[in-house]
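Written below as structure tokens is the structure these notes are about.
The values are calculated or read from the model by the stated rules, or taken from the named source; none is laboratory data. Treat the numbers as computed from the prediction; the structure is a model and nothing was measured. A quick note on method: Cβ atoms are made from the backbone with ideal geometry, for glycine too, and the neighbour counts reach across all protein chains shown. Quick note on the areas: whole protein, heavy atoms, side chains included, nothing else; ligands and nucleic acids left out. Shrake-Rupley method; radii C 1.70, N 1.55, O 1.52, S 1.80 Å.
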Amino acid sequence: MAVSMLALASASTGAFAQDVKEISFINCGDELTAGYAETFAEWEAANPGFKVVPEIVGWGQCQDKVTTLAAAGTPVALAYVGSRTLKQFAQNDLIVPVPMTDEEKASYYNYVPDTVTFDGTQWGVPVAFSTKALFWNKDLFEAAGLDPETPPKTWEEKIAFAKQITEKTDAAGYGVVAKTFDNTMHQFLHWVYTNDGLVIDADGNIVLNSPQVLAALTALKDIVPYGEEGPTAYEQNEVRAIWLDGGVAMIEASPGAAIRAEEAGMNWGVANLPLGPDAKGPGTLLITDALAIFKGTGVEEQAISLAKFITTGDRQWDAEMAQGLTPLRPLHSDELVAEKPYWKPFLDGIEFGGPEPLFTDYIGLQNTMIEMVQSVVTGAAEPAAALEKAAAELEQYK
């Protein structure tokens with residue numbers, strides 16, 4: 001009887017193991033996002049029969065792995081992706097929509113739902129948010145004869161301040177980002193969204209070659225002589241390192257720069273991004289990453305449930321604060337600014353900011369924008385000609 005009972009128990013255990021369905025999840029980074037282990041356990045307890053199986057993939061390989069698996073017909077159930085990829089995934093029938101209710105949309109900051117939306121449908125759940133602000137080195141301002149407590153408020157002032165710093169100190173005035181790297185496009189979009197510009201409008205028309213964007217590209221050209229030497233060699237984190245070392249006076253960066261400046265003992269300030277002549281108010285590029293639910297796994301419904309569980313309320317807020325990310329929702333923002341005033345410009349810029357453009361071929365978008373910026377920064381092309389060329393090229397990628 002004992003042997004029979006043992007056999008029955010073993011059979012029952014085996015049957016139970018087979019009944020448990022796995023929800024595979026690719027988490028980008030070097031380690032599981034803070035708090036996720038506890039969140040997974042909490043969700044599993046409320047959803048018996050399902051188990052979350054995370055895989056950690058480094059940032060450099062994460063996007064490629066997710067795309068390769070989906071294209072091969074062996075997708076993961078849930079994956080962390082750049083929101084810019086969602087249109088391409090959706091149009092290739094690789095992901096399922098995740099529609100938001102009006103209440104869900106209203107819980108986010110302005111434009112956040114737009115970063116995962118096209119054709120009126122949401123295709124992912126926002127999971128990380130990035131905005132930028134202007135950082136300046138107060139000691140370099142003072143050394144150049146500028147008021148160290150007064151940052152530039154307009155492009156015209158930013159260029160003039162950068163010129164004065166370059167001419168009167170050993171440092172460059174402004175950190176120009178122009179490496180063959182995705183954040184070269186992102187950094188240029190800060191100029192675009194601080195002058196009420198767009199790359200593509202709501203109807204799918206390419207509007208890159210507008211007066212607002214021409215002014216942005218011209219202003220970037222005008223500030224290049226006062227940037228670090230050889231800007232095509234630097235992406236934004238490398239420019240930030242030069243700023244932390246005192247080699248450049250002004251950069252546009254995320255909240256993480258504040259933490260590093262404090263650690264370095266710098267005398268620094270942070271403010272809204274300077275505005276172009278057509279700006280309606282403080283702006284910034286609004287970049288999100290999203291959780292995408294892939295088609296054909298048999299657990300799509302549960303993956304959607306898990307994605308929304310991860311990204312709501314204090315769970316999402318705690319993960320954002322642990323990573324130094326701009327909050328997706330104004331849940332505790334007043335308390336955050338009261339405790340750490342440097343957060344204010346990162347939130348102010350959301351009101352008139354704009355999302356990363358959604359294109360069917362986001363790599364084509366990215367490469368076209370980088371080439372455009374580099375051609376102007378190096379003097380190979382004038383802004384108007386570079387814009388006209390890029391706008392024509394973007395038609396094939398939208």
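Give the relative contact order (percent, whole number) for the range 167-245; include only Cα pairs under 8 Å separated by 6+ residues.
Numbers: 77 pairs, mean separation 39.0, N = 79.
Reported relative contact order: 49 percent.
Here the range 68-178 is assigned +1 on the Cβ of each Lys and Arg and -1 on the Cβ of each Asp and Glu. Its dipole about the Cα centre then comes out at about 260 debye.
Counting Lys and Arg as +1 and Asp and Glu as -1, what is the net charge of the other residues whose Cβ lies under 14 Å from the Cβ of ALA381? List each step's numbers first, then the result.
Values: positive: LYS221, LYS389; negative: GLU371, GLU382, GLU388, GLU393.
Here the charged neighbours net out to -2.
Among the lysines, which fall within straight-line cross-link reach of LYS138, defined as a Cα-Cα distance under 24 Å, with same-chain neighbours fewer than 8 residues apart omitted? Hits, sequence-local ones excluded: LYS153, LYS158, LYS163, LYS168, LYS340, LYS344.
Solvent exposure of ARG329, expressed as accessible area, is near 40 Å², computed with a probe of 1.4 Å over the protein chains only. In whole percent, and with a 1.4 Å probe on the protein chains, what portion of the accessible area of the chain is carbon and sulfur? Looking at the chain in its full context, I get 52 percent from C and S.
For the range 274-353, the relative contact order works out to 49 percent when only alpha carbon pairs closer than 8 Å and six or more residues apart are counted.
Sum up the charges of everything whose Cβ sits under 13 Å from the Cβ of LEU286, counting Lys and Arg as +1 and Asp and Glu as -1, but leave LEU286 out. In short, -3.
Using the beta-carbon distance between THR232 and ALA384 and R0 = 25 Å, what value does 1/(1 + (r/R0)^6) give for FRET efficiency, to the nearest 0.05?
0.75
Each DSSP beta bridge with both residues in the chain is either parallel or antiparallel, and the antiparallel ones are about 60%.
Every Cα-Cα pair in the chain was counted, and those over 26 Å apart are 56% of them. Solvent-accessible surface of the chain, averaged per residue with a 1.4 angstrom probe and all protein chains in place: 44 square angstrom. In a DSSP loop and with at most 15 other Cβ atoms within 10 Å, the GluC sites (Glu not before Pro) in the range 66-149 are GLU149. In loop segments of the range 26-58 as defined by DSSP, the GluC sites (Glu not before Pro) with at most 15 further C-beta atoms inside 10 Å of their C-beta are GLU31.
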